[in-house]
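Enquirer: One structure coming up, written as C-alpha cells, with questions to follow.
The values are calculated or read from the model by the stated rules, or taken from the named source; none is laboratory data. These numbers were taken from a predicted model, which means no experiment stands behind them. Here the Cβ is made from the backbone with ideal geometry for all residues, glycine too, and neighbour counts use every protein chain on show. All accessible areas refer to the heavy atoms of the entire protein, side chains included, with ligands and DNA or RNA removed. Shrake-Rupley method; radii C 1.70, N 1.55, O 1.52, S 1.80 Å.
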Amino acid sequence: MKIIAEIGEYVLLMLQAFRRPDKGKVFRRQLMMDFQDLGTNSIGLIGFISVFVGAIIAIQMAYNMDNPLLSHKLVGFSTRQMMILELSPTIMSLILAGKVGSSIASEIGTMKVTEQISALKVMGINPANYLILPKITAAVIYNPLLIIFSIALGILGGWGACLTTGIMSTTYYVEGVQAWYEPFTLTYALIKTVVFAFIISSVSGYMGYTVEGGSVEVARNSTKAVVYSSILIIIFDLILTQLLLI
Amino acid sequence: MIEINNISKSFGDQKVLNNITTTFEKGKTNLIIGQSGSGKTVLMKCCIGLFDIDEGHIDFDKRNFSAFSEKKKRNIRKEMGVLFQGGALFDSFTVEENVMFPLNMFTKMSLEEKRDRVNKMLSRVNLNNANNKLPSELSGGMIKRVAIARAISLRPKYLFCDEPNSGLDPKTAEVIDALISELTEEFEMTTVVNTHDMNSVLQIGQKISYIYKGNLWWEGSNKEIMKTENKELNDFVFSTELTRRLKLKL
Ligand SMILES: Nc1ncnc2c1ncn2[C@@H]1O[C@H](COP(=O)(O)OP(=O)(O)OP(=O)(O)O)[C@@H](O)[C@H]1O
Ligand SMILES: [Mg+2]
C-alpha cells in the first residue's frame, strides 16, 4: 500500500518538474552547473574504473580461452561486447547511482530541511521544476557521453593488458575488437544508459524532495536514493534487454 | 490587507490553531506574539500557503488565497516577501546572488540595474562589503539581514518575518525592527512579524495579536499592552525582570 502511495507521489512530483521553466536563462545556468557537478566531476572515476575493468576482462578471457581451436579474435571481441552490452551501461550506471544519486538526494534534502525549498515556493517558483528538471536533463544528456567514454577506455584497458602481460599481440586484439560488430549493440547500450540516467536523477530528486525532519532523515533518504535507483536499474536492465535484444 | 477568517489547523490529533480570526492592516507592522510552541510559525505558514488549513479562509486584499490552485497561488506569492525563522538562504549562492535571485526570476532588469538594487537593499540592512561571501561565512545576524534584503528586493506588497531578531544583540535587533517598520511605511506593505521579543513589541507593535496555545487571546496596540488586565498576557509580558521593573515605574 505504502509503495503505491509513494509511486503516486513520485509521478506527481515528476509532473510538476516537467513544466516549462519560468526563466530560460536561469534554467540554462542551473543546467551548466549540473553538467559540471553530475557529469564532468565523474569523468575521473568512470575512466579509472573502465580501464581496469577492460584490462581484467581481457586477461580473464585470455585465461579461459587457451584452447587452440578457439579463434584468437575472441579476447578482443569479448572485451568489446562485454563493455558495450553490460559493463559500461549497467555497472557504470550503478556506480553513478552511488556517486550522483546520493549527491542529488542530499543536496535537495538539505535544501528541504533548511527551508530553502519553502523559500523558493513562497517566492512563487516551482521548486521541483527549478531544482529537479536541470538535474534530470543533465544526467540524461551527459551519462551517454560518459558511457561511450567508458566503452572506449575499457577497450583500451584490454589492449593495455595485452601489451603489459604479453597474453596476446596488438594485431590479434585489434582484429578481435573489430570482429562481428553490430551497430545495434551500441544503440542498445545508449538506450539503457538514458533510461538509467533518468532513474538515477529522478528517484534521487524525489528522495531529496520528500525529506521531512533533519540531518538524520537526509542521510536516510540519500541511502534510499542509492538503493532504490540500483534496484530499479537492475530491473529495467532485464526488461530492456528482453525487449531490445530478443 | 490580509484577512484571516476562522482558520484552524491540526497535525494528527494535536490542534495547533483553533478558530483564529484577525486582520493584518496595510501600511502597518502587525505583530504576532506568544510563547515558544504557541503556534506563531504555523499561523504564518498557513498565511503563505505552506500549510493547508483545515477550516476557514485567508484573503489577500479580498482574493481568497487559500482556495486558489497552486498555480494561482504562485501569482500572489510573487507579491510576498518572506523571512524564515532560520533565514533559508540558498547556500550555494553568494550574498549578492541570494538577494539578486528574485530579480533574476521575475524581472527583466539589466545586470547593472540588478546590482544597483542589490547594493541598495544590502545597505538598507547595514551590510556592505559582504556581497561575495557565502552564507556559511556569515554570522547568524548577518544571515537574518541578508534574508530581509532578499525578502524586500522585489518590493513586496506583503512582508512576513518569522522572528527577525531572535539571536541578535539588542542593538542590531533594534536596527532590524526599525528597518522593518520603516520599510512597511515607505512601501505601504502589509507586514506581519512573529516575535517574542518585548522590546520589539514596545518599539514597533502598532497592532499586536497574542496567541495563547493556538487561540487568539488578545489584540491591541503597544500602548494598550502594558495596561492589560488579561492574566495570560500579563504573565507573558511581565515574564522578564526588565518589563517587571518597567511596570513599577508606570
Ligand atoms: N510540521 C509539523 N508537524 C507537526 N507538528 C508541528 C509541525 N510544525 C509545528 N508543529 C507543532 O505546532 C506547535 C506550534 O509550533 P510553532 O512552530 O508554530 O511554534 P512557535 O510559536 O513558532 O514557537 P517558536 O517561538 O519557538 O518558534 C508545536 O507544538 C509544534 O510541535
Ligand atoms: Mg516559530
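Enquirer: Take peptide B:143-154, look around each residue's Cβ out to 10 angstrom, count Cβ atoms belonging to other protein chains, and average those counts.
Expert: Numbers: counts 0, 0, 0, 0, 1, 0, 0, 2, 3, 0, 0, 2.
Average neighbour count from other chains, rounded to a whole number: 1.
Enquirer: May I ask you to give the percent of accessible area on the stretch A:139-223 that is carbon plus sulfur, with a probe radius of 1.4 Å?
Expert: About 71 percent, which is the carbon plus sulfur part of the accessible surface.
Enquirer: Largest first, what is the accessible-area ranking of A:Arg19, B:Arg74, A:Arg80 with a 1.4 Å probe?
Expert: Largest accessible area first, the list is A:Arg19, B:Arg74, A:Arg80.
Enquirer: What are the principal axis extents of the Cα atoms in the protein assembly as shown, in Å, biggest first?
Expert: Extents along the principal axes: 108, 52, 41 Å.
Enquirer: B plus A alone minus the pair: what accessible area, both sides summed, probe 1.4 Å, in Å² to 100?
Expert: Adding both sides of the contact gives about 1900 Å².
Enquirer: Under the rule a/c < 1.5 gives rounded, and otherwise a/b versus b/c splits prolate from oblate, where does the stretch A:1-43 land using the Cα gyration tensor?
Expert: On the way: a/c = 6.10, a/b = 1.63, b/c = 3.74.
Judged from the Cα gyration tensor, the stretch A:1-43 comes out oblate (a/c at least 1.5, b/c at or above a/b).
Enquirer: Kindly rank A:99-110, A:213-224 from highest to lowest mean number of other beta carbons found within 10 Å of each residue.
Expert: Highest mean packing first, the order is A:99-110, A:213-224.
Enquirer: Also: Residue by residue through the stretch A:178-187, what is 3J(HN,Hα) from phi via Karplus (6.51 cos²θ - 1.76 cosθ + 1.60, θ = phi - 60°)? Round to whole Hz and write x for glycine and proline.
Expert: Rounded to whole hertz, the list is 8, 6, 6, 7, 10, x, 5, 4, 5, 4.
Enquirer: Another question, then. Does the stretch B:72-158 come out rounded, prolate or oblate by the C-alpha gyration tensor, with a ≥ b ≥ c the root eigenvalues, rounded set by a/c under 1.5 and, if not, prolate when a/b is larger than b/c and oblate if not?
Expert: Verdict is oblate for the stretch B:72-158.
Enquirer: For A:Tyr228, what accessible surface area do you get with a 1.4 Å probe? Give it in Å², rounded to 10.
Expert: Here the accessible area works out near 90 Å².
Enquirer: Give B:Lys28/B:Lys73; A:Lys25/B:Lys28; A:Lys2/A:Lys112 a once-over and call out the pairs whose C-alpha atoms are over 29 Å from each other.
Expert: A:Lys25/B:Lys28
Enquirer: Further question: I'd like the mean, over residues of B:83-89, of how many other protein chain beta carbons sit within 10 Å of each residue's own Cβ.
Expert: Mean partner shielding for this stretch: 4.
Enquirer: A further question on this structure: Relative contact order (percent) for chain B, with alpha-carbon contacts under 8 angstrom and 6 or more residues of separation?
Expert: 27
Enquirer: For B:Lys227, which lysines qualify as cross-link partners when the Cα separation must be under 20 Å and same-chain residues fewer than eight apart are set aside?
Expert: Output for B:Lys227: B:Lys207, B:Lys247, B:Lys249.
Enquirer: Give the separation of the Cα centroids, the stretch B:150-185 to the stretch B:19-82, in Å.
Expert: Here the answer is 18 Å between Cα centres.
Enquirer: Here's something else I'd like to know. Where a Cα-Cα gap under 15 Å defines reach, which aspartates and glutamates qualify for A:Lys135, not counting those fewer than 8 residues away within the same chain?
Expert: In chain and number order, the partners are A:Asp34, A:Asp37, A:Glu107.
Enquirer: For the full complex of protein chains and a 1.4 angstrom probe, list A:Leu120, B:Leu246, A:Leu190 by accessible area with the highest value first.
Expert: Output order, biggest surface exposure first: B:Leu246, A:Leu190, A:Leu120.
Enquirer: Here's another thing I want to ask about it. In whole Hz, with x marking every Gly and Pro, tabulate ³J(HN,Hα) for the stretch A:205-212 from phi via Karplus 6.51 cos²θ - 1.76 cosθ + 1.60, θ = phi - 60°.
Expert: With coefficients 6.51, -1.76 and 1.60, one gets x, 4, 4, x, 5, 9, 5, 10 Hz.
Enquirer: Considering only C-alpha atoms, what is the centroid distance from the stretch A:213-246 to the stretch A:64-131, in Å?
Expert: Cα centroid to Cα centroid, the span is 10 Å.
Enquirer: Taking only DSSP H segments of four or more residues, each worth -39500 (n - 2.57), what value at 222 nm results for chain B once the sum is divided by all its residues, to the nearest 500 deg cm²/dmol?
Expert: Mean residue ellipticity at 222 nm (helix-derived): -11500 deg cm²/dmol.
Enquirer: While we're looking at this one, here's another question. Towards the positive end of the charge dipole of the protein assembly as shown, with charges on Cβ (+1 Lys, Arg; -1 Asp, Glu), say which of B:Phe93, B:Thr184, B:Asn5 has the farthest Cα.
Expert: B:Thr184
Enquirer: Can you give me the % of accessible surface on the stretch B:133-191 that is carbon or sulfur? Probe 1.4 Å, all protein chains present, nothing else counted.
Expert: 51
Enquirer: Leaving out ligands and nucleic acids, note down the accessible area per residue over the protein assembly as shown with a 1.4 angstrom probe, in whole Å².
Expert: Per-residue accessible area for the protein assembly as shown comes out at 47 Å².
Enquirer: Of A:Asp66, B:Asp116, which has the most accessible area with a 1.4 Å probe, and how do the rest follow in descending order?
Expert: Descending accessible area places them as A:Asp66, B:Asp116.
Enquirer: Run the numbers on the stretch A:23-245 and let me know its relative contact order in percent, using alpha-carbon pairs under 8 Å that are six or more apart.
Expert: Answer for the stretch A:23-245 is 36 percent.
Enquirer: Which whole-number percentage describes the relative contact order of the stretch B:1-86, with Cα contacts under 8 Å and a sequence gap of 6 or more?
Expert: Computed value for the stretch B:1-86: 32 percent relative contact order.
Enquirer: Ranked highest first by the average count of other Cβ atoms within 10 Å around their residues, in what order do A:138-150, B:35-47 fall?
Expert: Ranked by mean Cβ neighbours within 10 Å, highest first: A:138-150, B:35-47.
Enquirer: Residue by residue, what Karplus-based ³J(HN,Hα) values in Hz, rounded to whole numbers, does the stretch B:35-46 have, using 6.51, -1.76 and 1.60 with θ = phi - 60° and x for Gly and Pro?
Expert: 5, 4, x, 7, x, 4, 5, 4, 4, 5, 5, 5
Enquirer: Would you work out if chain B is rounded, prolate or oblate? Take a ≥ b ≥ c from the square roots of the eigenvalues of the alpha-carbon gyration tensor; rounded if a/c is under 1.5, else prolate when a/b is larger than b/c, oblate otherwise.
Expert: Since a/c reaches 1.5 but b/c is at least a/b, the shape of chain B is classed as oblate.
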